[in-house]
Amino acid sequence: MSTPQHHTPQHHTPQHHAPAMDLAALVGDPATRIVVCCGSGGVGKTTTSAALALAAAEAGRQVVVLTIDPARRLAQSLGLVELDNEPRRVEVPGAAGELNAMMLDMKRTFDDVVSAHSTPERAQVIFENPFYQALSSSFAGTQEYMAMEKLGQLRASDRWDLVIVDTPPSRSALDFLDAPNRMSRFLDGTMIRLLTAPARAGGRAGVRLFGAGFSLFSRIISKILGGQLLNDISAFVSALDTMFGGFRERATATYELLRQPGTAFVVVAAPEPDALREASYFVDRLSTEGMPLAGLVLNRTHPPATTGLSATRAAAAAEAVTEAGGPEAALAAGALRVHAERMTQAAREQRLADRFTSAHPEVPVRTVPAAAGDVHDLDGLRVMASALLADEDDTGTGTPRSRVLPVRRPAA
């Protein structure tokens, strides 16, 4: 009895067709004003950000790329010694536009905000406050507040028509989306309201009004935090006065800007299970927040030079050549085995990509082949940019750029 025709062998994974992502149209469109690249660590997110920025500058855009990642990979990929909190121009010979790069310094950004929104005398009091010094340097959440603040500043400037943001390499990459809500919770928290209650009630009268309750609160918190820290926090909150309200308003305005047309989020992943799980998290989070997603860049893939010879046939041919012998047998067999390994790896990567697309069928995908080495100069960035921005079918192998391997045709 013959095998039923509807039976599908277990090794045949269903093929999923991801939409193609047109990054050339995205960065070249004057209506695109913000591109946010996010993803887990070690997937080439910083290099992707730099390559997109370079391509946009060469297309005539006035670009600034901002990295929130404290590592110095962006400076290295752009051929710079270092980056700081001010945009630094990158010399791109022949570019029709201009490329600048910077790395977020959360303390300097915080200091600039304090200086811009208070008198010199009050700013000095805040700068010298020990609690402020700790808050502006290392408190959890400060980086996200300042990232939102700096992004808002860059977007408001007439100097740039495109801002590309390279986020930190972890799930906290999207924590800056929470900055307005976190700021509101901080401002409206019980401790802050109690610390500012006497001042809000007005001088000595306020102190008398809140007397017993505030004294009890102070004694309890002093035992927990220490009296000096409590005094530092109280003095800090009093000195800030209404400044945090301005923080909240600006962070909220930037958050809303990120949801508008003109902003695009690009999720970057490698063809590995953990990286694609993180990519799914980012996609789901962006969908929940109502943020505009451009698609997934599947970086560091390993497409074979040809797909006409399967891994199984290549391995069998290698065995046959070895058995036949001859002066070139070892070399030919080695080449065939390398091809078999490459086909096996590409098939694994395509299965992972198909799994992602099955869960997120609406998300466009662009695959980028792995580079021979680390990207550390403009020439290397141009190679990556060409892979990111080339036409979908411009590969020379018959495999579209939204895939690692071509779609497998079902047997007749």
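The values are calculated or read from the model by the stated rules, or taken from the named source; none is laboratory data. Keep in mind that what you see is a predicted model, and the values were worked out from it rather than measured. We place every Cβ from the backbone using ideal geometry, glycine too, and count neighbours over all the protein chains shown.
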Would you pick out the residues in the stretch 297-346 that are in contact with a Ser or Thr (Cβ under 9 Å, 6 or more places away or on another chain), among the hydrophobic types (A, V, I, L, M, F, W, C) and closer than 22 Å to residue 368 by Cα? 297, 298, 305, 311, 340, 343, 346
The residue that is surrounded by the most Cβ atoms within 10 Å (Cβ to Cβ), considering only those in the stretch 59-93 that are at pLDDT 90 or above and over 30 Å from residue 248 (Cα atoms), is 61
Do the conditions hold for residue 359, that is, is it among the small types (Gly, Ala, Ser) and modelled with pLDDT of 95 or more? yes
Taking the stretch 384-402 only, how many residues are outside any loop (DSSP other than H, G, I, E, B) and surrounded by 16 or more Cβ atoms within 10 Å (Cβ to Cβ)? 5
Can you name the residue in the stretch 362-409 that is of a type in the set (Asp, Glu) and within 23 Å of the chain's Cα centre (by Cα) and, of all such residues, is modelled with the lowest pLDDT? 374
Which ones in the stretch 327-346 are crowded, with 19+ Cβ neighbours inside 10 Å and under 25 Å from residue 19 (Cα atoms)? 343, 346
Enumeration of residues in the stretch 266-282 that are closer than 16 Å to residue 388 by Cβ, of a type in the set (Gly, Ala, Ser) and either modelled with pLDDT under 95 or within 13 Å of the chain's Cα centre (by Cα) (or both): 269
Can you tell me which residues in the stretch 356-381 are surrounded by fewer than 16 Cβ atoms within 10 Å (Cβ to Cβ) and farther than 26 Å from residue 283 by Cβ? 372, 373, 374, 376, 377, 379
Flag if residue 183 is surrounded by 18 or more Cβ atoms within 10 Å (Cβ to Cβ), modelled with pLDDT of 75 or more and closer than 23 Å to residue 286 by Cβ: no
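Here's the yes/no breakdown for (1) in contact (Cβ under 8 Å) with a residue 60 or more places away in the chain; (2) under 17 Å from residue 45 (Cβ atoms); (3) aliphatic (A, V, I, L, M):
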| position | (1), (2), (3) |
| --- | --- |
| 355 | yes, no, no |
| 358 | yes, no, no |
| 362 | yes, no, no |
| 366 | yes, yes, no |
| 375 | yes, yes, yes |
| 380 | yes, yes, no |
| 386 | no, no, no |
| 401 | yes, no, no |
| 406 | yes, no, no |
Read through the list (1) at negative phi; (2) out of contact with any helix residue (DSSP H, G or I) (no Cβ under 9 Å at 6 or more places or on another chain); (3) modelled with pLDDT under 95, then give the number of the only condition that residue 330 fails. (2)
For the stretch 331-368, the count of residues that are among the hydrophobic types (A, V, I, L, M, F, W, C), within 15 Å of residue 303 (Cα to Cα) and assigned to a helix (DSSP H, G or I) equals 7
If a residue counts only when it is aromatic (Phe, Trp, Tyr), which helices (runs of 4 or more DSSP H) contained entirely in the stretch 238-330 have at least 2 such residues? 243-258, 273-289
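Every residue, every condition in (1) polar (S, T, N, Q); (2) under 23 Å from residue 51 (Cβ atoms); (3) in contact with a His (Cβ under 7 Å, 6 or more places away or on another chain), yes or no:
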{"residue": "351", "(1), (2), (3)": "no, no, no"}
{"residue": "360", "(1), (2), (3)": "no, no, no"}
{"residue": "381", "(1), (2), (3)": "no, yes, no"}
{"residue": "395", "(1), (2), (3)": "yes, yes, no"}
{"residue": "399", "(1), (2), (3)": "yes, yes, no"}
{"residue": "403", "(1), (2), (3)": "no, yes, no"}
